[in-house]
Amino acid sequence: MTDPTFQLATPEPLDGYRASDVPVPARAAPGQRFVRRVHRLRTLGLGLGFLCVASVLRLHDAPAWMWAAAALNAFVWPHVAWWLAHSSADPVRSEFRSLLIDSVLGGTWIALMQFNLLPSVLLASMLTADKMAAAGTRYALRSVAAMILACAATSALGGFAVSIDSPMSVVTACLPLLIVYPVSLSAVLHRLGTKFAHQNRRLARLSATDELTELGNRRHGLAAAERALSARRRKGGPATVVMIDVDHLKTVNDRYGHPAGDELLQAVGEALQRCARATDTAARYAGDEFLLVLPETEVRGAEELAKRIRERLAATELASAPDWRCAVSFGAAEAPNDDDVERWIALADAALYRAKSEGRDRFMSVASEAAEPEEERRVALAP
């Protein structure tokens, strides 16, 4: 009989939830999910494989015990293997033992069929392909060795009988396994591939996301700045980065507690998300500092965006600190003539430092890296 399985012991996709969002009892353990999938595929594969074996047994007028053994292997063994794995403390290990048993049984039936060409080749190839998918080359070689040993031992006991002719009746009986099982296997592999892709995308988003504010993290922001500089080099045009600092965050933490400080940071993150364009990138740069990357935007555009952000924050009321007025300071710089992202951000950071030193709650910018002091824009955002 063929062995209908492959590597299924993989984490399920996150589906947009944190692990803590889903009660543990509502989710099957990965090992049990693996067991269920293997059980379904083994039941299908062995059921279809029974047709191949039965066609050869009929051809050779096999005794009743052989028919009974074929029926037990096809229709009872899948459920026994499931029970063994389901009851085991290590379901995956138990299932892999059963997979090796599948190979031994497959080799036994190849010998009992007297090496009838089509069903023997079909069973051997399915067994090998399944094991290769299950655990790679090493496990596949182990299963092939087990299959060969079982085949040789059984053939020796039967006097090395060989009858390779596959008449049309045998060919016809092999068609369901040859067609239905690979298609079913491909469908399951496609579903798992889709889950893997979803999970990889989710993990990529998590690795580039700040957990508290749900904005991009520092690495994500720097990558966006790199892309903006690259696009400016190819197509020309302006680009601006804005460094943003939350005013008096330490005071909020000291007066109202750190949960209030976290709420304030979340409010700033939401304001950046709401006010920025789809082409802009907002990121939490470090602690109470945020970064905005604005492609194809001059300093004046950044100034207008800062005003919208300030207006939104002014209208924001913190549940943990209802009497606190949210305010931030802005420092902006247009892209330099080279591709030095760190220097670009340093220009914006210097503008931010001046905004903070001159009273906070204001916007300051540098039009270009060569800007003279009189070209700096100093715009007080406070009433």
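The values are calculated or read from the model by the stated rules, or taken from the named source; none is laboratory data. This one's a predicted model, so the numbers in the text were calculated from it and none came from an experiment. Backbone-built Cβ (ideal geometry, glycine too); neighbour counts: all protein chains shown.
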Mind checking whether some residue in the range 136-147 is aliphatic (A, V, I, L, M) and surrounded by fewer than 16 Cβ atoms within 10 Å (Cβ to Cβ)?
yes
Among the numbered conditions (1) out of contact with any strand residue (DSSP E or B) (no Cβ under 8 Å at 6 or more places or on another chain); (2) modelled with pLDDT under 90; (3) among the β-branched types (V, I, T), tell me where T209 comes up short.
(1)
Taking the options Y285, Y181, name whichever one is surrounded by 13 or more Cβ atoms within 10 Å (Cβ to Cβ), outside the structural domain of A134 (by TED's automatic domain parsing) and among the aromatic types (F, W, Y).
Y285
Any idea how many residues of the range 46-90 are in a loop (DSSP other than H, G, I, E, B) and under 45 Å from the mean Cα position of the chain (by Cα)?
4
Please count how many residues of the range 99-148 are assigned to a helix (DSSP H, G or I), farther than 19 Å from F75 by Cα and either outside the structural domain of S186 (by TED's automatic domain parsing) or aromatic (F, W, Y) (or both).
1
Those residues that are of a type outside the set (A, V, I, L, M) and either free of Cβ contacts under 8 Å to residues at least 12 places away in the same chain or touching a Pro at 6+ places or on another chain (Cβ under 8 Å) (or both), I need them from the range 136-183; list them, please.
G136, T137, R138, G159, F160, S166, C174, Y181, P182
Of all residues being modelled with pLDDT of 90 or more and among the polar types (S, T, N, Q) in the range 169-201, which is farthest from the chain's Cα centre (by Cα)? Just the residue, please.
S169
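For (1) surrounded by fewer than 21 Cβ atoms within 10 Å (Cβ to Cβ); (2) of a type in the set (A, V, I, L, M, F, W, C); (3) touching an Asp or Glu at 6+ places or on another chain (Cβ under 6 Å), each residue gets a yes or a no:
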residue: R201; (1), (2), (3): yes, no, no
residue: A208; (1), (2), (3): yes, yes, no
residue: G216; (1), (2), (3): no, no, no
residue: L222; (1), (2), (3): yes, yes, no
residue: E226; (1), (2), (3): yes, no, no
residue: G236; (1), (2), (3): yes, no, no
Residue check: is L229 over 15 Å from the mean Cα position of the chain (by Cα), of a type outside the set (D, E) and farther than 24 Å from V268 by Cβ?
yes
Listed by first then second residue, the pairs whose first member lies in the range 87-100 and is in contact (Cβ under 8 Å) with a residue 40 or more places away in the chain and closer than 21 Å to R138 by Cα, whose partner is in a helix (DSSP H, G or I) and among the β-branched types (V, I, T), with beta carbons under 6 Å and at least 6 positions apart or on separate chains, are P91/V35; E95/V35; E95/V38
Any hit, the range 102-120, residues being modelled with pLDDT of 90 or more, of a type in the set (F, W, Y) and crowded, with 22+ Cβ neighbours inside 10 Å
yes
If you take the residues of the range 316-366 that are in contact (Cβ under 8 Å) with a residue 12 or more places away in the chain and touching a Cys at 6+ places or on another chain (Cβ under 9 Å), which of them is surrounded by the most Cβ atoms within 10 Å (Cβ to Cβ)?
L318
Every listed condition ((1) closer than 24 Å to V366 by Cβ; (2) not in a helix (DSSP H, G or I)) holds for L318 save (1)
Evaluate the following for A282: is it touching a residue at least 60 places away in the same chain (Cβ under 8 Å), within 16 Å of F330 (Cβ to Cβ) and in a helix (DSSP H, G or I)?
no
Could you check, for the range 160-168, whether at least one of its residues is within 27 Å of the chain's Cα centre (by Cα) and either surrounded by 17 or more Cβ atoms within 10 Å (Cβ to Cβ) or in a helix (DSSP H, G or I) (or both)?
no
